[in-house]
1. Tell me which residues, restricted to segment A:1-14, are in a helix (DSSP H, G or I) and open to solvent by less than 20 Å² (accessible area, probe 1.4 Å).
2. Suppose we filter A:SER117, A:SER188, A:SER170 for residues that are crowded, with 24+ Cβ neighbours inside 10 Å, of a type in the set (S, T, N, Q) and in contact (Cβ under 8 Å) with a residue 40 or more places away in the chain; which single one remains?
3. Specify the residue that is surrounded by the fewest Cβ atoms within 10 Å (Cβ to Cβ); the eligible residues are those in segment B:120-163 that are touching an Asp or Glu at 6+ places or on another chain (Cβ under 7 Å) and of a type in the set (A, V, I, L, M).
4. Give me the pairs, please: first residue somewhere in segment B:334-358 and more than 7 Å from every other protein chain (Cβ to nearest Cβ) and in contact (Cβ under 8 Å) with a residue 40 or more places away in the chain, second residue anywhere and open to solvent by less than 20 Å² (accessible area, probe 1.4 Å) and among the polar types (S, T, N, Q), beta-carbon distance under 6 Å, and either six or more positions apart or on two chains.
5. Here's a check for you: in segment A:250-295, which residue that is in contact with a Lys or Arg (Cβ under 9 Å, 6 or more places away or on another chain) and assigned to a strand (DSSP E or B) is nearest to the other protein chains (Cβ to nearest Cβ)?
6. Among the residues of segment B:236-244, are any within 14 Å of chain A (Cβ to nearest Cβ), in contact with a strand residue (DSSP E or B) (Cβ under 8 Å, 6 or more places away or on another chain), open to solvent by 40 Å² or more (accessible area, probe 1.4 Å) and of a type in the set (D, E, K, R)?
7. For residues in segment A:31-50 being under 12 Å from A:THR3 (Cβ atoms) and of a type in the set (Lys, Arg), which is surrounded by the fewest Cβ atoms within 10 Å (Cβ to Cβ)?
8. What's the total number of residues in segment B:576-592 that are at the interface with chain A (Cβ under 7 Å from one of its Cβ atoms), among the aliphatic types (A, V, I, L, M) and closer than 26 Å to A:LYS558 by Cβ?
There are 2 protein chains.
Amino acid sequence: METHIRLKDFQFFLYDVLKVEELCKKSLYENHSKEVFDEIIEVAKKIAEEKFEPVAAALDTFDPQLKDGEVILHPDLKPAVDAFVEAGFIGSAFPEEWGGMGLPYSVYTACGAIFSSCNLPAIGYPFLTIAAANLISVHGSQEQKDTFLRPMIEGRYFGTMCLSEPQAGSSLSDITTMATLKDDGTYSLKGGKMWISAADHQMSENIIHLVLAKTPGAPAGVKGISLFIVPKFLGEGESKKRNDIKVVGLNHKMGYRATVNSVLALGDEGECTGFLVGEQHKGLLYMFHMMNEARIGVGMGAAACGYAGYRYSLKYAKERPQGRAPQNKNPSDPQLMIIEHADVKRMLLAQKAYTEGALMLTFYCARLYDLQQIAHHDKKETKEIDILLDILTPVAKAWPSDYCLEANSLAIQVLGGYGYTRDYPVERIYRDNRLNPIHEGTNGIQGLDLLGRKVLGDRGKGLKLLSEKIIETIKEAESSKDKTLIGLAKELKTSLQYVDETTKALGFLALKGKVNLSLSHSTPYLHLLGHTVVAWMWLLQANEAVKGTGNKEDSFYKGKIKTAQFFYAWEVPKIKMWGEAIRSGDKTALETTPDLL
Amino acid sequence: METHIRLKDFQFFLYDVLKVEELCKKSLYENHSKEVFDEIIEVAKKIAEEKFEPVAAALDTFDPQLKDGEVILHPDLKPAVDAFVEAGFIGSAFPEEWGGMGLPYSVYTACGAIFSSCNLPAIGYPFLTIAAANLISVHGSQEQKDTFLRPMIEGRYFGTMCLSEPQAGSSLSDITTMATLKDDGTYSLKGGKMWISAADHQMSENIIHLVLAKTPGAPAGVKGISLFIVPKFLGEGESKKRNDIKVVGLNHKMGYRATVNSVLALGDEGECTGFLVGEQHKGLLYMFHMMNEARIGVGMGAAACGYAGYRYSLKYAKERPQGRAPQNKNPSDPQLMIIEHADVKRMLLAQKAYTEGALMLTFYCARLYDLQQIAHHDKKETKEIDILLDILTPVAKAWPSDYCLEANSLAIQVLGGYGYTRDYPVERIYRDNRLNPIHEGTNGIQGLDLLGRKVLGDRGKGLKLLSEKIIETIKEAESSKDKTLIGLAKELKTSLQYVDETTKALGFLALKGKVNLSLSHSTPYLHLLGHTVVAWMWLLQANEAVKGTGNKEDSFYKGKIKTAQFFYAWEVPKIKMWGEAIRSGDKTALETTPDLL
């Protein structure tokens, strides 16, 4: 069965651009090879196409239900998730000592993107399990790892993340769930959680909730938050008993339906036992470690949705006859396939530019993780990588979720009326993707994180490092002697200047005490820097694509170059515009009082 | 019950800006007065709030069904539509001689926007009836008017528009439905129609389909299309019999569900009788007359959706506590209402700017209709008005449907996770609104219509006239001595220059025979001109708002000025950007061959 997935798209990111095969020269990944990577990715494609994609439409028609305290899911979900687990994907990026495969995170990300593009909501269960397992693997005690991590990697236990509460979504400092120490060293939890994905189901033997809560007398705000492991079931075998953490309500969403989302009650009817992770009051710190990965994961999922919509609408455009060329006045001539119309090509190019730019960015971040792991393993300095990942994370979360949603809207538009019906997948993917600008920190929060914390907060160190990396790519393009590359490099250099000027202007405002005015421009700043970063991602791709032209995959590489040109012609000019608009120092949003709205 | 509707918003467009009350000085509208208008608008608000808004969520949960050839709709739909009919709204803008109220179209548009903002899909039935009745009133014979128009205005008969076919959506020249003349002067129709809204239901005694079809031996293409009245039932009373025009399939959509959309078969099982409207082969011409109004109607509906989402998210933002000011590090302080956060204000201002700009534009077009009617009535020249309406129509259709969809996405974002659930109306409105860039000619088609036909096609006459109108508003702002107005006027003048330069560049390309390259920029051109037109709409509003400040509705007027400033600070710069990008003459979209995608 042919689906929308073209393996070359993923191989290009991994090998042509990121040279991921070279990671195998490092001792951490020495057991692996390009052949192993290719094999894994092919297995991912096969399972995604055979088990995930065919059930996506059916899962979308079904709202998870709550019956007698149990969550009922669509029956087609479990076989897909089982196939993922049985192939060992949960442990793919975990060390072998915990039962994993020890694959680079970049290769895991390629697999993740393939699965996500076929059925993003279904993949939520294993992805959350991986994120939770990851956190335990880094911050859990040896006992916690033995008890929870191993069965999670085996896929016998699944995991969740429990952060938000009804009164505290974007503002975690206001959570009120309490955890009180008991004589046996465990904690008794009481409170409620909101927006919890995958909080209950029957797909695993146990569900391991990672819960943020406060201990009695803890400091107010985020400094008083601790992290607890709260399993659905305590013990195993005969001593196994239900812990009092229960779904008490479901959130019915516009999309993403297969991932059940719910309201959780802890200790409402009985005892809810939890185990402290690490030290008290450091919960948010631990959670943030995982949240960065989760945010890049959201960006990857958004990009994968964009990719699915793009590839589907591309196929449709090649097969759907409609209309004639503008200058052809003969109605008796046969109709053209719509892909021949310039405006349809524009919509396809924009989708390709958004989604492949976004995928490239998330793969780039994933490779940074690999470099971080290698450095850890070799006991080397990771500071540069950390800083780079820090500044790229809000961009990698927000940019794909903004622009690949727009890509999905264009996919609908290519299909016209058909795209608006539920007979075609594009409207469903659009609905699924609409969640991505919201969860794991709204894009507004990402903007504040980027400008306030990552740019102004560290006095431009992160941005300086990022600029150096971008300039490396610019220099490579300049030294290529290829006219197109040199032209793009020049544009990117100018854009970088706009970023620099704009950052200085905002920094100056902050220095003058006008922090609120400076931060009121955080969303346009996020777009400004996001477009610059993605323009960089396209130059990275173009640099490699030029080397590939002329061989047997000539059209693949030429398509990359055309798309880079399209992005530079129609998207890069926005960088200048946002820069100018921000530097104008407009105070409208800041000064508008509620009564004027 | 308080809903999202604030009457002052509509009164401002009508009275402050458009001085609609002055229409009553003209003999055509001399029976009316501002008091009558106000009364009608208040009735519209009451019915919309009491009958339409409360059932919108329920209608959205129900997919119309086809049972034994009959379409089954949600039972809550009919009472709402009945209330609209009983209050006489179908005939509101029709002459009294046909049973109407003879209201100005602008006042009818205000009512329409109020209804649409409460329940766009439900209002589709009467709106289509009005459009069909309008067409019959202009092009139908006296007999056709007596037989069909009068009961339509009474609300006993409903109407539809049957243009598209499965193989001919955007390309009407390829329709194949045939109409063969019979001995009695009527026609026998055979064929299939696609995407037909409101094609069957039990809410009226009869359904009057206006069908495009070809006659045997007619010229190929659009020049061979004729228009037919095809009623669901032929005759009345005892002689009443079913005509063979039947729904054979339903399209299940992502939104807009209450408006049933279907596949129609004509003459599939028996005789399908139709009545020729006007002359043979002029069908598309007649239809276009109506289509312009329908297109502005789509823009109005999109703007109304934007308005509903804006007002709902505004209310939410005023009542939802979350987070603290950026500089407040004390977590024990109470949380702020989210409307106090600059980025939330930005999202609300953007919504207000998009939706009130879009509403203003559609009201402006509606007032042009009124001026056209007055001129017709007074037997005066309408050429200027016709040209202005012609060039504004694609903008009034496409701009609101692009940007008010974006507004709806911002409304979801303001609500965060709650906005993504079906417990709040914003996601439903977003889904409903996603149809508007597609139907009544996709926005891609609107771009081609604007650039190809309305700008280049008439060698800039329309654009010249439009520019003159814009300059009038600029001059008024300049003469106001108000610094803000003068600043906005300056920006608009510059934008107009960008439009001029860009139009000349595209015209030059076309003159040089590069028509395809010129037209490949039609969508960015539509955005360029659209933003300029809406910037004009905001200056129009600001000019009047300045006069209103200082009185008892001071904050309403100041809000208008702030929003105009916001639009000029963050949206108007895009005009320059699109202009530069278009003038760069980028050929990427045109030159990208399908194998590169």
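The values are calculated or read from the model by the stated rules, or taken from the named source; none is laboratory data. Owing to the predicted nature of the structure, the values given are computational and were not obtained by experimental measurement. Every residue, glycine as well, gets a Cβ built from its backbone with ideal geometry; the counts of neighbours run over all protein chains shown. These accessible areas exclude ligands, DNA and RNA; they are computed on the full protein's heavy atoms, side chains included. Shrake-Rupley method; radii C 1.70, N 1.55, O 1.52, S 1.80 Å.
1. Selection gives A:ASP9, A:PHE10, A:PHE12, A:PHE13, A:LEU14.
2. Every option except A:SER117 fails the conditions.
3. For segment B:120-163, the residue satisfying everything is B:ALA131.
4. B:ILE338/B:GLN322; B:ALA353/B:THR563
5. Restricting to residues being in contact with a Lys or Arg (Cβ under 9 Å, 6 or more places away or on another chain) and assigned to a strand (DSSP E or B), the top hit is A:LYS253.
6. The answer is no, given that none of the residues of segment B:236-244 is within 14 Å of chain A (Cβ to nearest Cβ), in contact with a strand residue (DSSP E or B) (Cβ under 8 Å, 6 or more places away or on another chain), open to solvent by 40 Å² or more (accessible area, probe 1.4 Å) and of a type in the set (D, E, K, R).
7. Here the residue is A:LYS46.
8. The total comes to 3.
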